[in-house]
Amino acid sequence: MNKEVLASTSFFSSSRKSPLIKRWYLSSTTGLLLIATLLLSHQFVGIRHDSILYAGDALARLLPGQFHEDPYFFYGSQGRFTVLPAMYAWLIATFGLGGGTIVAMLTALGLYLVATVYLVNAIAPKPMRVFCILSVVLGWTFYGGLRIFAYSESFFTARSFAEPVVLVGLGALIRARNGIAFGLLAASLLIHPLVGVTGLLAAWLFLVAADRRWLLLGVVVAIVATTLGLAGVAPFDELFKCYDEEWFALVADINAQALVSRWSPFDYGIVLFDATVLWFVASRVERGLVRQLVIAVLAAGLGATIVSLVAVDGLHSTLLGKLQIWRALWILQWTALATLPLAIDALWQRGVHSRVAALFLVLGWMAPFSVAPAFLAILAIAVESLRNRIAISRTTMRIVMAVVLIAAAVIVIQYEARLFKVDEDFAQPLGHLVGQALAMNIVLFGIAVLAMKLAPRLGWAGPLAALGLFCCSLAFWDQRNPWQRKIEAQPLGEHIWPGLVDANAKIYWYRDLMAPWVLLGHGNYYTQQQGSGAVFSREMIVELDKRQKVTGILDFQEQICRMMNSLNGKQGSCEPDANAVKTVCNKGAIDYVVLQSRLEGNEPTARYATGVIENGFEKQFFLYRCSALN
């Protein structure tokens with residue numbers, strides 16, 4: 001791409017040039033801005049979601065034998081597929097549960113930023129790199145079905161380390177360092193096999209896009225896998241197995257996000273937006289390596305999703321169900337965001353029609369939490385494709401630009417209003433509100449671009465302003481609530497109610513998986529989160545389904561209570577009924593139940609006062625011995 005054209009007509013470039021920019025802005029201002037935007041857009045939310053499972057795997061290594069009653073461990077946890085629990089266990093033993101997780105999270109974010117810079121530098125011209133990096137760092141990261149999965153998440157998992165390794169591997173591949181590339185991609189398999197497989201798929205297709213002879217490698221792999229499968233060698237023996245009717249029904253109920261046919265129109269819309277961006281890049285950007293990468297990730301993401309739809313949803317293949325190859329969409333998503341500024345810049349230089357299409361893509365990037373990206377992607381394609389049939393004046397383009405600016409303002413206002421409504425309902429501190437407001441991609445992008453535009457005029461004030469934003473990002477990065485801080489600060493091996501609960505007792509801690517593992521050093525009878533590996537183990541998911549039916553009466557009672565409160569406009573609590581709890585105990589042969597409320601007519605065996613205030617009341621837990629319930 002012609003650098004003079006970029007400097008004069010680019011949508012992103014400034015016409016001013018100064019040695020000060022090159023010397024101080026590029027080295028200090030840019031670096032601090034990127035780190036600050038990363039921290040503000042990836043604020044730490046503590047151990048939650050899948051992070052709980054990885055923390056459990058690490059704790060099981062440090063406290064062997066204490067979780068044997070938990071179905072997540074009894075049938076084989078996901079920790080057996082990754083080397084991460086060993087490293088995580090060392091961090092917890094060294095820094096404590098909360099401290100070790102923070103060290104791991106900060107390390108993962110640092111690796112992600114380095115990997116993003118490394119890969120972007122390989123595909124984007126120098127004037128565009130900062131914008132490409134900001135687009136990735138500030139863009140949405142969720143992919144796949146039901147907004148369950150995302151890359152570069154705000155909590156720590158094996159994916160947090162595997163994804164940067166894959167990105168660096170792809171960057172090395174683009175630079176023709178194939179040995180290093182495939183070494184890194186192989187290493188990613190040890191960290192998170194499913195992420196590693198998607199990286200290898202994208203890398204192979206990248207090579208195929210340049211030289212069709214690499215297709216032979218795919219044929220060889222297919223032959224070897226089939227041979228090993230026929231020989232009964234795991235995991236290739238799964239190649240000829242299928243989910244039975246009961247197992248598949250449970251997967252569809254508990255892990256619906258793993259089935260492409262169960263995704264929502266919103267999920268397909270995100271894929272459409274990403275594919276549209278990459279189509280514009282492939283057809284409008286004159287860089288061979290960029291086009292080669294785009295073709296590879298499009299084939300990997302869309303091809304893997306279609307294959308998964310046919311083989312898993314249609315034919316019920318267990319091997320492809322366990323591999324979840326549709327996860328290749330994370331690379332498609334990342335590449336779409338990384339190359340979005342290239343597409344916008346190329347379109348901006350083609351005339352009025354293309355500038356309108358570019359503005360539609362900008363608006364789609366700003367509003368991911370709706371069907372807007374899909375709708376705007378279709379509009380962008382229509383405007384660009386019909387450029388010779390539809391007349392668009394400069395006035396029309398200015399109107400579209402005004403609409404984009406108004407839409408951005410509306411998004412910010414709605415977001416801020418929602419934050420203050422949350423504050424009104426839950427009395428969150430002002431610091432939380434400020435931190436969340438600064439996490440908005442529109443706000444951060446505006447701050448970063450404004451800082452870069454003003455840097456030549458501000459002199460030393462530019463780096464100092466960037467340093468101020470960096471300090472602000474550090475202050476607001478930790479967004480854990482008081483209860484999360486409390487439980488994650490629990491000393492390893494120190495448990496509440498020591499001596500009251502037998503190691504072999506069955507305990508049902510209502511709707512909480514983290515608390516029994518950390519506070520009791522004990523497994524839990526049932527939580528829905530234990531079934532995250534439904535696609536991997538038939539025995540585990542069948543057992544969890546039985547336990548869910550046992551405990552379901554408590555969930556049903558709570559749903560009815562909340563529905564009545566909603567109809568009556570009340571905010572009352574929904575404590576379980578003593579008879580219902582006793583029924584659960586008897587059906588599940590449970591020894592103890594832990595609740596956050598007292599049972600009328602029953603004295604708890606023990607009480608744990610956390611000292612944490614939630615909604616104006618202290619958070620407490622009550623231990624009830626099932627055999628003593630009236």
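The values are calculated or read from the model by the stated rules, or taken from the named source; none is laboratory data. Not measured: the values here are computed from a predicted model. Don't worry about glycine lacking a Cβ; one is built from the backbone with ideal geometry, like all the others, and counts go over all protein chains shown. Only protein heavy atoms, including side chains, enter the accessible area calculation; ligands, DNA and RNA are left aside. Shrake-Rupley method; radii C 1.70, N 1.55, O 1.52, S 1.80 Å.
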Excluding ligands, DNA and RNA, the carbon-plus-sulfur percentage of the accessible area of region 137-278 with a 1.4 Å probe reads 70 percent
How much accessible surface does Arg284 have with a 1.4 Å probe, in Å² rounded to 10?
60 Å²
To the nearest 20 debye, what is the magnitude of the charge dipole of region 509-630 about its Cα centre, counting +1 on the Cβ of each Lys and Arg and -1 on the Cβ of each Asp and Glu?
140 debye
Where the eigenvalues come from the Cα gyration tensor of region 212-259, what are the semi-axes √(5λ) of the equivalent ellipsoid, largest first, in whole Å?
29, 16, 6
Taking the convex hull of the alpha-carbon atoms of region 60-205 and averaging its shadow over every direction gives an area in square nanometres of 10.4 nm²
Quick query: amide H of Phe149 versus all other amide H atoms, modeled in the peptide plane; which residues come in under 5 Å with a sequence gap of 5 or more or a different chain?
Tyr143
Helix 352-366: inclination vs the chain longest Cα principal axis, degrees, rounded to 10, gives 20 degrees
Cα axis of helix 461-477 to longest principal axis of the chain: angle in degrees, 0 to 90, nearest 10?
20 degrees
Taking the Cα centre of region 247-352 as the origin, how large is its charge dipole in debye, to the nearest 20, when only Lys and Arg (+1) and Asp and Glu (-1) carry charge on their Cβ atoms?
220 debye
Links exceeding 32 Å between C-alpha atoms in this model, out of Lys506/Lys619; Lys241/Lys506; Lys126/Lys322; Lys322/Lys546; Lys582/Lys619; Lys322/Lys506, come to Lys241/Lys506; Lys126/Lys322
Sequence of Glu614, Glu286, Glu238 from largest to smallest accessible area, 1.4 Å probe:
Glu286, Glu614, Glu238
Is the C-alpha gyration tensor of region 129-273 telling us rounded, prolate or oblate? Criteria: a/c under 1.5 is rounded; beyond that, a/b larger than b/c is prolate, otherwise oblate.
oblate
Solitary cysteines of the chain, where the nearest other Cys Cβ is not under 4.7 Å:
Cys132, Cys242, Cys471, Cys472
Rolling a 1.4 angstrom probe over the protein chains, ignoring ligands and nucleic acids, what is the accessible area of Met87 in square angstrom, nearest 10?
60 Å²
So how exposed is His68, as accessible area in Å² (1.4 Å probe, rounded to 10)?
80 Å²
Would you mind getting the accessible area per residue of region 480-526, heavy atoms of the protein chains only, 1.4 Å probe, in Å²?
40 Å²
Would you please name the trypsin sites (Lys or Arg not before Pro) within region 526-630 that are DSSP coil residues with at most 11 other C-beta atoms within 10 Å of their C-beta?
Lys570
Percent of beta bridges antiparallel (DSSP, the chain, rounded to nearest 5)
75 percent
Using a simple spin-label model with points 7 Å from Cα along the Cα→Cβ vector, what separation in nm is obtained for Ala402 and Asn630?
7.2 nm
Using amide H atoms built 1.01 Å from N in the peptide plane, name the residues 5+ places from Glu614, or on other chains, whose amide H lies under 5 Å from its own.
Lys619
Determine the relative contact order of region 156-226: mean sequence separation of Cα pairs under 8 Å and six or more apart, normalised by residue count, in whole percent.
26 percent
Solvent-accessible surface ranking, highest first, for Tyr526, Tyr72 at 1.4 angstrom:
Tyr526, Tyr72
First obtain the Kirkwood hydrodynamic radius of the chain from its Cα pairs, then insert it into the Stokes-Einstein equation at 4 °C and 1.567 mPa s, and state the resulting D in µm² per second as a whole number.
48 µm²/s
What does the accessible area per residue of region 31-120 come to in Å², with a 1.4 Å probe and no ligands, DNA or RNA counted?
33 Å²
Using distinct alpha-carbon pairs, which all enter the 1/r mean, Kirkwood radius of region 309-397 in Å
15.2 Å
Could you tell me how many degrees, from 0 to 90 and to the nearest 10, lie between the Cα long axis of helix 158-174 and the main elongation axis, the longest principal axis, of the Cα atoms of the chain?
20 degrees
If you average the sequence gap of Cα pairs under 8 Å that are 6 or more apart and divide by the length of region 213-349, what percent do you get for the contact order?
29 percent
Using Cα pairs closer than 8 Å and at least 6 residues apart in sequence, work out the relative contact order for the chain, in percent.
19 percent
Heavy-atom SASA rank of Thr276, Thr583 (probe 1.4 Å, accessible area, largest first)
Thr583, Thr276
Structure-based [θ]222 nm, the chain - -39500 (n - 2.57) summed over DSSP H runs of at least 4, per residue, nearest 500:
-20000 deg cm²/dmol
Can you pull the semi-axes for region 457-546, root of five times each eigenvalue of the Cα gyration tensor, sorted largest first, whole Å?
44, 20, 9
